[in-house]
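Here is the structure we will look at, set down as structure tokens.
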Amino acid sequence: MSVSIRKERHSHRLISETGEFVVNLVNTTLSDACDFCGVRSGATEDKFSACKLMAISAPGLKYAPAIDRAPLFMSCVVRQVVELGTHDMFIAEIVSVSVKRELINGNGKICLDRCGLINYIHGDYFATGKMLPRVYEITGSVDNCVIPSNVRGDRPENGGSGGLAPAAQCGECLETLFRVSWRKRVTAMSVPR
């Protein structure tokens, strides 16, 4: 796990001093607290108190607390710090994963689609939870998927129609294609030493 934090942030100082941090996944019930905590500094106010959050011990850590209402959280111990100009990237080992019992199905699988997780994208919050098909992993091909032609390079400025690729078996394959492509890129990346 890695997080990149500006050097003047209060959280940067805490992680540097303790060598640990917690990643709390945030759901819709925590969105207001998440927004508040993202724009206020813990150096000047108690964010837990202001948001009525309860800190709990995170397994495997001595200092960094978890949020009791988080559906899932990861306890992380810093193993390396990489300077990135204005930010430092803290590369950590996940030493423990804690998940609410109601999110685990009968087969022991963590069902994140039940969490009501949120994402922060370009200044706005979005709810997640819809599982997308895994066409590429099943067929090994994206030939039967709808892929907008501008992704395929069939752009109008290049003489193409600018429409959708022919015939579709699955209307959500574009998201799957990007997810699979991203996974391949991440696997190929290495961390600078």
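Residues in the range 54-75 that are within 23 Å of Ile104 (Cβ to Cβ) and of a type in the set (A, V, I, L, M): Met54, Ile56, Ala58, Leu61, Ala66, Ile67, Ala70, Leu72, Met74. Here is the figure for the range 14-51: residues that are more than 21 Å from Glu93 (Cβ to Cβ) and either among the hydroxyl-bearing types (Ser, Thr, Tyr) or out of contact with any Asp or Glu (no Cβ under 8 Å at 6 or more places or on another chain) (or both) total 25. For the range 99-106, the condition holds for no residue, the condition being that it is closer than 20 Å to Gly38 by Cα, under 18 Å from the mean Cα position of the chain (by Cα), free of Cβ contacts under 8 Å to residues at least 60 places away in the same chain and open to solvent by less than 50 Å² (accessible area, probe 1.4 Å).
In the range 32-52, how many residues are at pLDDT 90 or above and of a type in the set (S, T, N, Q)? Count: 1.
Take the conditions (1) small (Gly, Ala, Ser); (2) touching a Gly at 6+ places or on another chain (Cβ under 8 Å); (3) closer than 13 Å to Tyr120 by Cβ; Ser11 misses just one of them, which is (3).
Looking at the range 31-58, which of its residues are open to solvent by less than 60 Å² (accessible area, probe 1.4 Å) and either more than 19 Å from Glu17 (Cβ to Cβ) or of a type in the set (D, E, K, R) (or both)? Matches in the range 31-58: Ser31, Ala33, Cys34, Phe36, Cys37, Glu45, Lys47, Ala50, Cys51, Leu53, Ile56.
The set of residues from the range 113-143 being open to solvent by less than 70 Å² (accessible area, probe 1.4 Å), at pLDDT 85 or above and in contact with a helix residue (DSSP H, G or I) (Cβ under 7 Å, 6 or more places away or on another chain) comprises Cys115, Gly116, Ile118. Regarding the range 62-74, can at least one residue be identified that is out of contact with any Phe, Trp or Tyr (no Cβ under 9 Å at 6 or more places or on another chain), at pLDDT 90 or above, under 30 Å from Leu132 (Cβ atoms) and open to solvent by 50 Å² or more (accessible area, probe 1.4 Å)? Yes, the range 62-74 contains a residue that is out of contact with any Phe, Trp or Tyr (no Cβ under 9 Å at 6 or more places or on another chain), at pLDDT 90 or above, under 30 Å from Leu132 (Cβ atoms) and open to solvent by 50 Å² or more (accessible area, probe 1.4 Å). If you filter the range 1-25 down to residues that are in a loop (DSSP other than H, G, I, E, B) and closer than 21 Å to His87 by Cβ, you find that the one that is farthest from the chain's Cα centre (by Cα) is Glu8. Taken over the range 15-26, residues that are open to solvent by less than 40 Å² (accessible area, probe 1.4 Å) and touching a Lys or Arg at 6+ places or on another chain (Cβ under 8 Å) amount to 1.
The values are calculated or read from the model by the stated rules, or taken from the named source; none is laboratory data. A quick note: this is a predicted structure, and the numbers were derived from the prediction, not measured. A quick note on method: Cβ atoms are made from the backbone with ideal geometry, for glycine too, and the neighbour counts reach across all protein chains shown. Keep in mind that these areas ignore ligands, DNA and RNA; they rest on the heavy atoms of the full protein, side chains included. Shrake-Rupley method; radii C 1.70, N 1.55, O 1.52, S 1.80 Å.
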